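The structure appears below as structure tokens.
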Amino acid sequence: MYKIVSKETLNSAVELMEIEAPFVANKCEAGQFIIIRVDEDGERVPLTIADYDREKKTVTIIYQVVGYSTELLSKKQVGEYVQDFVGPLGHPAPLHKCEHVVGVAGGVGSAPLYPQLRKLHEMGVKVDVIIGGRSAEFVILKEKFEEFCDNVYIATNDGSVGTKGFVTDVLTDLLDKGEKYDEVIAIGPVVMMKAVVGVTKPRDIKTMVSLNPIMIDGTGMCGCCRVTVDGKIKFACVDGPDFDGLNVDFDELMARQRMFKEEEHLVDSNADRMCNLMKGVK
């Protein structure tokens with residue numbers, strides 16, 4: 001059992017939770033993820049690590065309350081426990097020393113981007129960040145990024161804060177004005193990461209993307225995290241979650257994401273049903 005030591009509501013749909021997990025905190029690195037199970041009957045949910053504190057022996061996760069399991073997690077309070085907190089899983093982000101990097105985050109993509117950019121800053125790299133959200137409410141971790149980023153740019157769909165438009169609009173404007181970046185790190189919805197690559201690929205700018213949005217079981221066994229990278233089959237859970245965005249087949253990836261759209265709508269209404277084989281088994 002793993003104790004919840006702090007909890008914070010970031011906006012109407014997103015929450016932050018700090019969990020006491022000594023073994024994970026001691027080993028994890030930026031870019032890796034954990035699998036959490038709320039209770040012994042719960043499903044396995046992979047979440048990318050948003051922060052960690054080796055001295056406090058805690059790991060921070062940020063999650064969007066969108067389904068049955070995250071709703072269960074949201075009901076947990078400080079001082080209570082979650083059943084399982086397994087990790088670290090996946091490969092650490094392939095960070096390296098260079099001159100200038102910009103991170104591009106969409107929505108909750110700010111969570112896994114934060115430790116990567118902080119690590120780059122600690123390595124002596126100049127770091128900028130572009131944070132996107134539907135409105136000001138959904139722009140998260142702005143103050144945390146401001147602690148070490150040289151420039152923090154904001155883009156919102158409705159223009160309630162920062163530039164009105166998308167993160168790609170801000171990135172394009174910076175590049176058109178002559179800003180030079182050695183690398184772009186994009187984390188967010190798949191469609192956003194594809195759009196970022198659409199900006200950087202013609203300019204031949206190294207672009208890393210995190211495919212954590214397509215992970216389900218965290219081990220690659222279910223096959224849902226399958227992706228084609230540079231013509232080869234990869235699995236985000238075991239080979240990633242970070243890949244060279246210039247070589248990711250986003251069209252195939254997005255088509256596979258739509259395969260079970262209708263079935264996904266049935267999940268909430270059937271989530272509390274139990275298989276007959278499991279009834280009475282404890």
If I filter region 144-158 for residues that are among the β-branched types (Val, Ile, Thr), over 24 Å from ASP53 (Cβ atoms) and either without any contact (Cβ under 8 Å) to a residue 60 or more places away in the chain or touching a helix residue (DSSP H, G or I) at 6+ places or on another chain (Cβ under 7 Å) (or both), do I get at least one hit?
yes
Name the single residue that is surrounded by the most Cβ atoms within 10 Å (Cβ to Cβ) among those in region 171-214 being among the basic types (Lys, Arg) and in a helix (DSSP H, G or I).
LYS194
All helices (runs of 4 or more DSSP H) inside region 219-282 with 2 or more residues being modelled with pLDDT of 70 or more
236-239, 250-257
The lone condition SER160 fails out of (1) outside any loop (DSSP other than H, G, I, E, B); (2) over 19 Å from the mean Cα position of the chain (by Cα) is (1)
Name the one entry in ARG118, ARG44 that is more than 21 Å from MET192 (Cα to Cα), surrounded by fewer than 17 Cβ atoms within 10 Å (Cβ to Cβ) and under 18 Å from the mean Cα position of the chain (by Cα).
ARG44
So is PRO88 in contact with a Pro (Cβ under 9 Å, 6 or more places away or on another chain) and at pLDDT 90 or above or not?
no
Could you please find all residues in region 53-110 being surrounded by fewer than 15 Cβ atoms within 10 Å (Cβ to Cβ), of a type in the set (Lys, Arg) and in contact with a helix residue (DSSP H, G or I) (Cβ under 8 Å, 6 or more places away or on another chain)?
ARG54, LYS56
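The values are calculated or read from the model by the stated rules, or taken from the named source; none is laboratory data. The model shown is predicted, which means the values in this text are computed figures rather than measured ones. Glycine gets a Cβ as well: all are built from the backbone with ideal geometry, and neighbour counts include every protein chain shown.
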